[in-house]
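Working notes, beginning with the structure itself.
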Amino acid sequence: MKTQRKFEAIIFDIGNVLLETSFAKTDEAMAKLTDLSVEELTKTVFTSPEAREMWRKSQVGETNLEEFCNEVLGLLGVSKKEIDHEKLKQTLTSSGCENPHIWELLEVFVEVNPKIKRAIISNNTPLYKESGQRLTPKLYTFFSPKNIIMSHEVGMMKPDPAIFTFTSQKIGVAIANSILIDDNTENVERFREMGGVTIQYDCSKNTIMFLWKELHKLGLM
């Protein structure tokens, strides 16, 4: 008979897990600030090699929020007088919305599994940390600040094994006894390769019942 694995920690992503995000809506909102089409805007600010490097630097803390905003404006070819930083930040974060059902699930999860530690690993920038806290007011109800790992604060990002090892040491639970809930295929595959258990969940595509059932299969709901 197969022995049930003992779980001691559950680790969540933020984007499209705790918080629903829509990149298409962000692209549309940003395009309205410029003379670019949505397609041109997407390439300029999100998918070009220069844009990807800009986001990477912000996500691992190599640039601060002020520097990041200046780089975005530089890629757009506009000045702060044309689009100020506050307007830019509001537009870049305008499409996020809370995933209310996740908190209902967490209430039950905590009641059933009070001893299982809860943590977050997020590939995040100072920009989205600020907006994420605003859009997820219950964050600190379920997660201790010391167990919230933001890539820009630790200089590492998923799927780098180093950030999973860092989190494991931080919360004092072996990866083999941890569950990662993330929407990104690369992230879940890497965590699984390291011996952890994963649930690939995207709140923009999967129902909360899907996540409930996956946790139930693991004996946690």
Do we find that THR21 is in contact with a Gly (Cβ under 9 Å, 6 or more places away or on another chain), β-branched (Val, Ile, Thr) and more than 28 Å from MET156 (Cα to Cα) in this structure? no
Among VAL188, VAL173, the single one that is within 23 Å of LEU105 (Cα to Cα) and either in contact with a Lys or Arg (Cβ under 6 Å, 6 or more places away or on another chain) or not in a helix (DSSP H, G or I) (or both) is VAL173
Pairs returned, first residue in segment 80-91 that is surrounded by 12 or more Cβ atoms within 10 Å (Cβ to Cβ), second residue that is not in a helix (DSSP H, G or I), beta-carbon separation under 7 angstrom, 6 or more apart or interchain, are ILE83/LEU33; THR91/LEU33
Filtering segment 107-132 for residues that are within 17 Å of the chain's Cα centre (by Cα) and within 18 Å of ILE181 (Cα to Cα) leaves a count of 8
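Conditions tested, residue by residue: (1) of a type in the set (S, T, N, Q); (2) outside any loop (DSSP other than H, G, I, E, B).
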site: LEU75; (1), (2): no, yes
site: GLN90; (1), (2): yes, yes
site: TRP103; (1), (2): no, yes
site: PHE109; (1), (2): no, yes
site: PRO114; (1), (2): no, no
site: ARG118; (1), (2): no, yes
site: LYS129; (1), (2): no, yes
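Bear in mind these aren't lab numbers, they're just calculated from the coordinates by the rules spelled out. Bear in mind that the values here come from a model prediction, so they are computed numbers and not experimental data. Methodologically, a virtual Cβ is constructed for each residue, glycine included, from the backbone with ideal geometry; neighbour enumeration extends over all protein chains shown.
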